[in-house]
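Asker: This is the structure I want to talk about, given as structure tokens.
The values are calculated or read from the model by the stated rules, or taken from the named source; none is laboratory data. Given the structure is predicted, the values throughout are model-derived calculations rather than measurements. All Cβ positions, glycine included, derive from the backbone under ideal geometry; neighbour counts span all protein chains shown.
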Ligand code: WTA
């Protein structure tokens, strides 16, 4: 049964190297007050907490109760009082080779100046700010300034289109949008301000827009609403940081789920700050003079936690790269590693697979000897990719840190931990839970499964990085995460714990796709297709893809009055224009009907199984709401309707 104590995860891999990990892991279970108190010292607090955890209102866990702090102070101010004043916080570089170095002192100046500008526009504690920007210093300045004055920011990935941006502005109730005239991507300019203008036609809450002059393209400025960043930012040198409660919200980040619109995951100040900083230290063990490159986009949780908050709290030097990792040349990434002497590199399996495709000569032409540790995030890494990363990039001397976590978990939860002693690695396994993380793999009824058996990954106890809740969706917070397996946090992932205690993540158990490491709900893509106005029904699923992990396939039934030439192309364009290329299916098949249950639910799994020829003898697992006969009939009918599609 689930309630029996979880045996420690490393029982049969007792390795001397695991010593500190084991003692920390034990301490978190046996003496949480001490463990969580100690790890919170990584931050400076204005006022110490009364209690590390209040779990009396489970599943609303509150960490470092009544503690007061400010994360912008922790990320910036305290370093300039020490010897890091002239240290580079960021080395920004873009695909054109433009380089900009911002020291901690420079960041302090910029954050204070921008905080004042926000205040002058009437933004204060608790107000919501939307940020839709390229990967530039001003994006980080905007996040830190919001944190400084206590405003709650919501970053929207700059690859999303106007509708997706408008949805997030509306749900968060943002009063202001911070953007740029555009961003650079593969030699093109992405017209961000234009997208903001379209999004604002669908929203009401926004009073002002701040625009960074970055690419220098022509844009439309609305008098009285739009302000150039450089016009409103002065040199005012100090804005007192707000004394935030540990459990005040810091940001809302929208992520995909199984139903409806994306969910706004809320993270707070104290627990989140403690968790991201400690997990970076534990897993990657960065040293004072290391150069850290988390090659993700700030628009996702990986960027929030490991480009912005954790490395700044630790006072590290980060590379901030705006552009594509294989542009203008296939060896762009290796060139940058070599040129900047990157010591720790953290990226996605998709990026590695894409670069691997170009062959070994590209990385071998560069001096990658500065690398000490290599990390991956966001999706399972297949052993072949793991080995290539290990041998060709790491020259068989850098451990691979395969980090498993989610937007909701705030930071890494299962991963090798170089900083506290790590045992053997197995390619494709994220190895062991970090101290404080108590995973249980269960069956549908919540019973713990045996080692080697596949089940749902759940987490029994809360940890400081766990989200505070969902914006406007309290009910869903409880039902999606804490009721599937009563009382445990439900990750939505399948996993196996092997006989040696290693965890293997096996992908999502729900209707969430991972396309190039990006998380997208099938329902969001279906909604995007329906919103084009010419689609009557849509069924979307993910098809295994060698580089991207999964690619999006859609089957649609057009409305009877839809009258368009090349409907598949028109649909792709429509979805791309409104939602961005992330949401655009690679394949769209137009069919006459889709298999449905009696209650009218589209049977996505059947579409997928028929299309990919994956029908096995046991069809009952394909659909829970229909009988086996109904499923068989649906399969037969769909096979006929399909005709030659996909052949
Ligand atoms: C998947 C990204 C296997 C998983 C930080 C999870 C992984 C989802 C790994 C969260 C990994 C993340 N191995 N799968 N190391 N890391 N995932 O919210 O399915 O964008 O539920 O957070 O990514 O995606 P999200």
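Asker: Out of all the residues in the range 235-293, which are within 16 Å of the ligand (Cβ to nearest atom), within 23 Å of residue 470 (Cα to Cα), in contact with a strand residue (DSSP E or B) (Cβ under 8 Å, 6 or more places away or on another chain) and in a helix (DSSP H, G or I)?
Answerer: 272
Asker: Moving on. What do you reckon, is residue 326 assigned to a loop (DSSP other than H, G, I, E, B), out of contact with any strand residue (DSSP E or B) (no Cβ under 7 Å at 6 or more places or on another chain), within 16 Å of the ligand (Cβ to nearest atom) and at pLDDT 95 or above?
Answerer: no
Asker: Just to be sure, is residue 498 away from the ligand (no atom under 14 Å from the Cβ), touching a strand residue (DSSP E or B) at 6+ places or on another chain (Cβ under 9 Å) and without any contact (Cβ under 8 Å) to a residue 24 or more places away in the chain?
Answerer: So residue 498 does not fit the description; no.
Asker: Could we say that residue 397 is farther than 30 Å from residue 72 by Cβ, touching a residue at least 40 places away in the same chain (Cβ under 8 Å), away from the ligand (no atom under 16 Å from the Cβ) and surrounded by fewer than 18 Cβ atoms within 10 Å (Cβ to Cβ) here?
Answerer: No; evaluated as a whole, the condition is false for this residue.
Asker: What about residue 173, is it surrounded by fewer than 21 Cβ atoms within 10 Å (Cβ to Cβ), touching a strand residue (DSSP E or B) at 6+ places or on another chain (Cβ under 7 Å) and either closer than 19 Å to residue 207 by Cβ or touching a residue at least 12 places away in the same chain (Cβ under 8 Å) (or both)? Spell out the reasoning first.
Answerer: Details: surrounded by fewer than 21 Cβ atoms within 10 Å (Cβ to Cβ): yes; touching a strand residue (DSSP E or B) at 6+ places or on another chain (Cβ under 7 Å): yes; either closer than 19 Å to residue 207 by Cβ or touching a residue at least 12 places away in the same chain (Cβ under 8 Å) (or both): yes.
So residue 173 fits the description; yes.
Asker: Name every residue in the range 516-538 that is under 21 Å from residue 600 (Cβ atoms), within 16 Å of the ligand (Cβ to nearest atom) and not in a helix (DSSP H, G or I), in order of residue number.
Answerer: 521, the sole residue that qualifies.
Asker: Just the residues that are within 7 Å of the ligand (Cβ to nearest atom), out of contact with any helix residue (DSSP H, G or I) (no Cβ under 6 Å at 6 or more places or on another chain) and within 14 Å of residue 306 (Cβ to Cβ), please, taken from the range 367-382.
Answerer: If the condition is that a residue be within 7 Å of the ligand (Cβ to nearest atom), out of contact with any helix residue (DSSP H, G or I) (no Cβ under 6 Å at 6 or more places or on another chain) and within 14 Å of residue 306 (Cβ to Cβ), then 378 is the only one that fits.
Asker: Working carefully through the options 482, 541, find the one that is touching a strand residue (DSSP E or B) at 6+ places or on another chain (Cβ under 7 Å), farther than 25 Å from residue 580 by Cα, away from the ligand (no atom under 15 Å from the Cβ) and touching a residue at least 24 places away in the same chain (Cβ under 8 Å).
Answerer: Among 482, 541, only 482 is touching a strand residue (DSSP E or B) at 6+ places or on another chain (Cβ under 7 Å), farther than 25 Å from residue 580 by Cα, away from the ligand (no atom under 15 Å from the Cβ) and touching a residue at least 24 places away in the same chain (Cβ under 8 Å).
Asker: Tally up the residues in the range 626-647 that are assigned to a loop (DSSP other than H, G, I, E, B) and either modelled with pLDDT of 90 or more or over 22 Å from residue 536 (Cα atoms) (or both), please.
Answerer: Going residue by residue through the range 626-647, those that are assigned to a loop (DSSP other than H, G, I, E, B) are 626-627, 643-647.
Next, from what is left, pick out any that are either modelled with pLDDT of 90 or more or over 22 Å from residue 536 (Cα atoms) (or both): 626-627, 647.
Of the residues in the range 626-647, 3 are assigned to a loop (DSSP other than H, G, I, E, B) and either modelled with pLDDT of 90 or more or over 22 Å from residue 536 (Cα atoms) (or both).
Asker: A further question follows. Select from the range 585-594 the residues that are over 10 Å from residue 540 (Cα atoms), under 33 Å from the mean Cα position of the chain (by Cα) and not in a strand (DSSP E or B) and list them in ascending order.
Answerer: Correct list: 586, 594.
Asker: Moving to a separate point now. Residues that are in contact with a strand residue (DSSP E or B) (Cβ under 7 Å, 6 or more places away or on another chain), over 24 Å from residue 254 (Cβ atoms) and touching a residue at least 24 places away in the same chain (Cβ under 8 Å), at least 2 per element: which strands (runs of 3 or more DSSP E) completely within the range 76-147 meet that?
Answerer: Ranges flagged: 88-94, 99-103.
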